[in-house]
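What follows is a single structure, written as structure tokens, with notes after it.
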Amino acid sequence: MNLELISFPLCPFVQRSMVTLLHKGVDFRVTYIDLDNKPEWFLEISPTGKVPVLRVESTVLFESAVINEYIDEVTEPRLHPADPLTRASHRAWIEYGSSLLVDQFNLMLARDSEGLNAMAERFFKRLQMLESQLVGPFFQGPDFSLVDAAFAPLFQRLEIMQRLHPSLGWTDLPRLQAWSQALLALSAVQQSVPQDFDAQFAAYLRRKGSCLI
């Protein structure tokens, strides 16, 4: 199976698929593009103009949740639950995680303390919804799932944001913090971003005028 993941180094949605591929030990290659100057060939194959895109031979898949489910269906071990109701619940929490990534992006780009505080209140209030759902150490217990792959990028960015701006309130969610630590300790998560990811992330915030830095 010939797999090519088209990527941008800082995109959390790409990282979701990178984590899944690496956790499963699937062979793939990565092609990086500049999202500010998208090549014409990419625009011809990506209906949304967004990453990730996964080329499987001559077929193109897009949207990280779809890509991850495909990877899960064609490789072992399966990361989605076998029970249909539990599997549907996991899909719902993955979608919730997607909306949280959007909230996190808006929080990252806040330009003043007033905007930052308003966005942080919304973001952390929504994160609190997850506390009661956790089994630990991962979302459903001892086994890694696609929900874990979906949330790992959010936690990785949140850890950096917390270091840059300690008053964000991340420490008020101890169960989520434990989940974050379990995810960030995994080699698949550590290898899913460039070695200088923290520096690239901080530089991106600086370019965008974020008040986090």
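General remarks:
- Members of the range 23-40 that are open to solvent by 50 Å² or more (accessible area, probe 1.4 Å), closer than 22 Å to GLN191 by Cα and in a helix (DSSP H, G or I): HIS23
- Search result, residues across the range 179-208 that are in contact with a Leu (Cβ under 8 Å, 6 or more places away or on another chain) and farther than 27 Å from LEU146 by Cα: ALA202, TYR204, LEU205, LYS208
- Meets criteria (outside any helix (DSSP H, G or I) and among the basic types (Lys, Arg)) for ARG122: no
- GLY136 being open to solvent by less than 50 Å² (accessible area, probe 1.4 Å), over 19 Å from ARG157 (Cβ atoms) and modelled with pLDDT under 95: yes
- Check on THR48, out of contact with any strand residue (DSSP E or B) (no Cβ under 8 Å at 6 or more places or on another chain), without any contact (Cβ under 8 Å) to a residue 24 or more places away in the chain and hydroxyl-bearing (Ser, Thr, Tyr): no
- Hey, GLN128 part of a helix (DSSP H, G or I) and either at pLDDT 95 or above or surrounded by fewer than 19 Cβ atoms within 10 Å (Cβ to Cβ) (or both) or not: yes
- Qualifying residue in the range 181-190 (condition: touching a residue at least 40 places away in the same chain (Cβ under 8 Å), assigned to a helix (DSSP H, G or I), closer than 17 Å to LEU116 by Cβ and open to solvent by less than 20 Å² (accessible area, probe 1.4 Å)): no
- Single residue of MET18, MET1, MET108, MET119 found to be among the hydrophobic types (A, V, I, L, M, F, W, C), open to solvent by 60 Å² or more (accessible area, probe 1.4 Å) and in contact (Cβ under 8 Å) with a residue 60 or more places away in the chain: MET1
Per-residue answers, yes or no, for (1) buried (at least 17 other Cβ atoms within 10 Å of the Cβ); (2) at negative phi; (3) part of a helix (DSSP H, G or I):
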| site | (1), (2), (3) |
| --- | --- |
| PHE155 | yes, yes, yes |
| TRP179 | yes, yes, yes |
| GLN195 | no, yes, no |
| ARG206 | no, yes, yes |
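- Count - residues of the range 41-76 that are under 19 Å from GLY97 (Cα atoms), open to solvent by 10 Å² or more (accessible area, probe 1.4 Å) and not in a helix (DSSP H, G or I): 4
The values are calculated or read from the model by the stated rules, or taken from the named source; none is laboratory data. Source: prediction; values computed, not measured. Ideal geometry is used to build each Cβ from the backbone, glycine not excepted, and the neighbour counts take in all protein chains shown. The protein model used for the area step is the full one, side chains on, heavy atoms only, and it has no ligands, DNA or RNA in it. Shrake-Rupley method; radii C 1.70, N 1.55, O 1.52, S 1.80 Å.
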